[in-house]
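One structure below.
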């Protein structure tokens, strides 16, 4: 129980730091109520955090970080949280485009991190799912 609380605290701290760098953009995709519920319940997100924005380079770097073979425990959970937040923040179109340029190792890692979003929670990201089809 204590270790789970520590993992949650570390993930929230990481997401707080990420959100502090984000700026709100009125034209950015909105997080739906259903997406918000999934992010809060499964990915340690907080409802009052601003929606992060990513440059193409930042998004590519975030995606590549998922294939780091040293990720484990709380670092792996934190990375999965950042990826899920990025998907709902930038939207299916942009996320799938960035993901389509990544090597198979990255796609495989991303599929492990976010497949629950459509399998368990029935969120719809058809373009991203198409890119990941071989890995889910």
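The values are calculated or read from the model by the stated rules, or taken from the named source; none is laboratory data. A quick note: this is a predicted structure, and the numbers were derived from the prediction, not measured. Reconstructed Cβ throughout: ideal geometry from the backbone, glycine too, with neighbour counts over all protein chains shown.
Quick notes on this structure:
- Evaluation of residue 110 against (1) in a helix (DSSP H, G or I); (2) touching a residue at least 40 places away in the same chain (Cβ under 8 Å); (3) within 16 Å of residue 31 (Cβ to Cβ) (one fails), failing number: (3)
- Of residues in the stretch 116-132 being closer than 16 Å to residue 41 by Cβ and surrounded by fewer than 17 Cβ atoms within 10 Å (Cβ to Cβ), the one modelled with the lowest pLDDT: 118
- Verdict on residue 74 being modelled with pLDDT under 95, in a helix (DSSP H, G or I) and either out of contact with any strand residue (DSSP E or B) (no Cβ under 9 Å at 6 or more places or on another chain) or surrounded by fewer than 20 Cβ atoms within 10 Å (Cβ to Cβ) (or both): yes
- Annotation note: of 48, 16, 68, the sole residue that is modelled with pLDDT of 95 or more and at negative phi is 68.
- Subset of the stretch 49-67 [in a loop (DSSP other than H, G, I, E, B) and in contact (Cβ under 8 Å) with a residue 24 or more places away in the chain]: 49, 50, 51, 52, 53, 54, 66, 67
- Scope the stretch 86-105; condition under 11 Å from residue 56 (Cβ atoms) and in a helix (DSSP H, G or I); matching residues: 90, 94, 97, 98
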